[in-house]
Amino acid sequence: METITNKTLEKLKYDLVRAGLVPYETIEQAEEIAGAQNINIGQALINSGTLTEDTLIKFLESKLHIPSVNLEDYTLDANCLKYISSADARRYRIIPLFKIEDTLTVAMADPLDLFAIDKVVETAACSIEPVIASETSILKKIDECYRNSSTVGEIYTNSEYIGFDWRDELHSEDLSDNHIQKIIRAILKQAILEKVHEITFQQDDEGLGVNFKKEGELFNRGIIPKVLTASFIAKLKILAELDPSVSEVPQLGKLSFKVDEMPVTTSISTFPTIMGERVFLKIYKPPKSLKAIIKSEKQLKIINNALAESGIILVCGSPLSGKTHIIYSILQECASKNKNKNIMTLESIAKYHLQGVNQCELNENISFNMDKASRFIEFQSPDIIYLEGVKTKEIFDYFSSLVYDNKTIIMEFLANNMEDLRNKMAFSDFETLKSLISCMIFIHSAESIEVFDRETVQKYIA
């Protein structure tokens, strides 16, 4: 797998320190995280909140005397796409903008990558004029413009990876500092290939057992030797920005990895046991477009109508059915079409950053829980609110009452099948909730998703 680097930032990283933008210690931490997550150091600094993309771009612009461009509302010349292949565009974080005579102007996240420039000069057979743009905006533009590419957000699953086993990485003769990160990435890759969303690391006398959870059962996929257990757990904690020196109390965090071409976010939960810490990971894939999930135009219309009016959108399904995934797709779609609406979320962990959505992470460590968030979120004047994992009647009732203030509420509801849903909804606690449902999405499987409008919902669960 190719390592992601940024030659420009590697050369200028200490200039960031001299400019007073980043402490020296933070640069070292960012380098470690960048190596583990296979991202460049700039992206690591941005992800940690140390720098904003805008600050970084302005710094590079002034330092290199190369102009920058905001790609957000930029319309490039589609005829120029032929000069750079989709694969090269993603590999070098580069996209063509326009061509005047014999000069092709390109947006680059790494304008000092001379190899990339030489490669483009060779294939385009013309001179290159680079301008600076953020890596995020370039990748987003690539996704928009190279729509026919099959590698966007995919993990390679060709014959090369048939029989893939993470233990091959464990037993490799790699003596580098990044070996443990490579093992973590290999475990995540095998889980994705096996369509597993939950991984448990559990200690016993032999070491740290790697268990994949499928259909409610744990299946052992090997053991990390005892000699590596402490450093493996510590590395997971460091990457998730948890305290590696604390093992007596539970901790909750998240880490991000790139597995082949797929960015992967996982929540991480540690819990003390008499055998040592038990670590639980839950994998979240990037949200797809809503049209890629809901094929029916009629069903899409029901969802869009529900988003445009007050009411409750209820997303139902069994554990690991993909409720959160489809909700993220709905939020992503809604934000792109309704930029004048205030869309907010209350989540234990924000799985992916959704452009145009105000995502809020709860934090029990400082007593910022769902109860406290619910008492203050109304002051933010939200139009659409997504709630993750509501469990108490009081919270249900409070957010249901917001519908009368013209709010749209999106909630998850655990139900294994329609019969299970009807039985649970028969409880009197849900009477108010039932009357306010404007749309219900039931996920039977990835291939079978039903969408019900207000009238149909009342017939099914009344």
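What does the extension gain come out to for Asp397 and Asp371, with contour length at 0.36 nm per residue minus their alpha carbon separation?
Numbers: separation 26, 0.36 × 26 = 9.36 nm, distance 1.20 nm.
Between Asp397 and Asp371, full extension yields 8.2 nm more.
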Exercise. Per 5 Å bin from zero, what fraction in whole % of the C-alpha pairs of segment 8-75 is there, up to the bin with the longest pair?
Worked result: 3, 16, 28, 24, 15, 9, 3, 1
For this session: Would you mind ranking Ser428, Ser318 by Cβ crowding within 10 Å, fewest neighbours first?
Result: Ser428, Ser318
Problem set entry | Estimated distance in nm for a label pair at Ser428 and Glu297, the labels positioned 7 Å out from Cα along Cα-to-Cβ | 4.7 nm
Seminar exercise, completed: Ranked output for segments 303-309, 185-191, 173-179 by mean other Cβ atoms within 10 Å, highest leading, reads 185-191, 303-309, 173-179
Problem set entry | Projected-area mean, segment 290-461, by convex hull of Cα positions, square nanometres | 9.5 nm²
Exercise. Counting pairs of alpha carbon atoms under 8 Å apart in space and at least six apart in sequence, what relative contact order in percent does the chain give?
Worked result: 10 percent
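Computed over the Cα atoms of segment 253-376, what is the ratio Rg over Rh, Rh following Kirkwood?
Numbers: Rg = 16.7 Å, Rh = 16.6 Å.
Reported Rg/Rh, Kirkwood definition of Rh: 1.00.
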For this session: Work out how much length Glu173 to His444 would gain on full extension: take 0.36 nm times their residue separation and subtract the Cα-Cα distance, in nm to one decimal.
Result: 93.1 nm
Problem set entry | Spacing of the two label points (7 Å from each Cα toward its C-beta) at Thr123 and Ser336, in nm | 2.4 nm
Seminar exercise, completed: So the pair-distance distribution of segment 163-284, from every Cα-Cα distance in 10 Å bins, comes to percents of 13, 49, 35, 3
For this session: Could you check the simple spin-label distance between Asp88 and Asp165, using points 7 Å along Cα→Cβ, in nm with one decimal?
Result: 4.0 nm
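Kyte-Doolittle cut-off -0.5, length cut-off 24 Å along the helix's own axis using Cα: show which whole DSSP H helices in the chain pass. Write down the numbers at each step before the final one.
Values: long enough: none.
In the chain, no H run is both long and hydrophobic enough.
Given a Förster distance of 30 angstrom, what is the FRET efficiency for His65 paired with Val249, based on the Cβ-Cβ distance and rounded to 0.05? Write out the running numbers ahead of the final one.
Details: r = 51 Å, r/R0 = 1.70.
After rounding, the FRET efficiency stands at 0.05.
Neighbouring Cβ atoms within 10 Å as the yardstick, rank Arg454, Arg422 fewest first.
Values: Arg454 18, Arg422 13.
Exposure proxy ranking, most exposed first: Arg422, Arg454.
Step by step: find N for the chain, compute 2.2 N^0.38 Å, then divide the Cα radius of gyration by it. What's the final number?
It is 1.06.
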Seminar exercise, completed: Once the mean of 1/r over all distinct C-alpha pairs in segment 7-145 is inverted, the Kirkwood radius in Å reads 15.5 Å
Exercise. Fewest first, what order do Val315, Val227, Val196 take by the number of other Cβ atoms within 10 Å?
Worked result: Val227, Val196, Val315
Exercise. Of the cross-linked pairs Lys63/Lys339; Lys298/Lys434; Lys13/Lys235; Lys337/Lys459, which ones have a Cα-Cα span greater than 26 Å in the structure shown?
Worked result: Lys63/Lys339; Lys337/Lys459
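Bear in mind these aren't lab numbers, they're just calculated from the coordinates by the rules spelled out. Remember, predicted model here, so these are calculated numbers, not experimental data. Positions of Cβ are generated from backbone atoms using ideal geometry, with glycine treated the same way; all protein chains shown enter the neighbour counts.
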